[in-house]
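The values are calculated or read from the model by the stated rules, or taken from the named source; none is laboratory data. Predicted model only: the values in this text are computed from it and were never measured. So basically every Cβ, Gly included, is an ideal-geometry build from the backbone, and we count neighbours across all protein chains shown. Just the protein is used for accessible areas: all its heavy atoms, side chains included, with ligands, DNA and RNA removed. Shrake-Rupley method; radii C 1.70, N 1.55, O 1.52, S 1.80 Å.
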Amino acid sequence: MENRVLSIECGRSLVRVLEVSCGGRETKIYNSFLFSTPNNMFEQNDSEEFASVLQAELKRRKITTKKVVFVINSSRMATREVTIPAVKENRIADLIAANASDYFPVDLSQYVLVHEIIEKFTEEDSKKYRLNVLAIPNEIIEFYEKLAKDCGLSLDGMGYTGNASKQLLLAEGNTGVRALLKIDGRSSLVTIMSGEKVELQRHINYGVSEAVSIVCENGWYGSP
């Protein structure tokens, strides 16, 4: 039980929960379930109903795992793809911080910057890295820290739904061009990969809710 962790993604419409093992060569899924996201949970920073439903679902399935990793899915996060000279990997964060105002024209004191190396290549005899840099609002980090505490869970880390999409595409094989469209209630994420390389990853501020609204407004649903 010690290597098990809850992986929870809170979308605008649905909360997806997995209980998985986080050690060894393969990830093993022990339990999975979902439930509707409580109304105004994000807007009012209110996790009381969320905690109540989650605890009831865990108890019903006899899940006692306390470690949790939240997979963040928010259109408020900003992403940039940047290219930098190849440096020691423990210096990448400093290099990003020095140029962050060029990547994100916002008050960076209100954000946490994280990065992922998506390609190592050589151009004109110079080694370089292609990075995906993510700016996460401090409010989001604080929200999930509070969410874990209110649920009686130990926050083991945070992930990003874009990286989860990438890993899913990699699991399908590393050849050819593949695309994955992840559609939530009010947003979508498109990921396109060629081989092991991410060619495009973008948040779109439209989801199932907008599609349903258009169908209803035009009277297509139920028409003969």
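For the range 123-133, 3J(HN,Hα) computed residue by residue from phi via the Karplus equation (6.51, -1.76, 1.60; θ = phi - 60°) reads 9, 6, 6, 10, 7, 9, 10, 9, 10, 9, 9 Hz, glycine and proline entered as x. Measuring nothing but how far apart in sequence close Cα pairs (under 8 Å, 6+ apart) lie, relative to its length, the chain scores a relative contact order of 17 percent. Averaged over its residues, the chain has an accessible area of 61 Å² per residue, based on protein heavy atoms and a 1.4 Å probe. Note on K88 and T175: their simple-model spin labels are 4.0 nm apart, each label 7 Å out from Cα toward Cβ. Taking 25 °C and 0.890 mPa s as conditions, the chain diffuses translationally at an estimated 125 µm²/s according to Stokes-Einstein applied to its Kirkwood radius (Cα pairs). For T27, put the label point 7 Å out on the Cα→Cβ axis and report which residues of the range 127-156 keep their amide N under 16 Å from it. Only 156 pass the distance filter.
Positive end of the dipole of the range 29-83 (Cβ unit charges, origin at the Cα centre): among A56, A78, S36, the Cα lying farthest that way belongs to A56. Taking amide hydrogens as placed 1.01 Å from N in the peptide plane, the amide H of Y206 sits under 5 Å from those of S188, each at least 5 positions away in sequence or on another chain. Kirkwood analysis of the range 69-132, using all unique Cα-Cα pairs, places the hydrodynamic radius at 13.1 Å. Annotation note: GluC sites (Glu not before Pro) in the range 100-166 located in DSSP loop regions with a Cβ neighbour count of at most 10 within 10 Å are E124. For the range 16-82, applying the loop criterion from DSSP together with a ceiling of 15 other beta carbons within 10 Å to the GluC sites (Glu not before Pro) yields E26, E43. Charge dipole of the chain (Cα centre as origin; +1 on each Lys and Arg Cβ, -1 on each Asp and Glu Cβ, all else neutral): 760 debye, rounded to the nearest 20. If you model the range 128-171 as an ellipsoid using its alpha carbon gyration tensor, with each semi-axis the square root of five times an eigenvalue, the axes come out at 26, 15, 8 Å, biggest first. Sequence-ordered 3J(HN,Hα) estimates for the range 26-40 from the Karplus curve with 6.51, -1.76 and 1.60 and θ = phi - 60° stand at 10, 8, 10, 9, 9, 8, 8, 6, 9, 8, 5, 5, x, 4, 6 Hz, glycine and proline given as x. Surface composition of the chain: carbon plus sulfur atoms contribute 48% of the solvent-accessible area (1.4 Å probe, protein chains only, all chains present).
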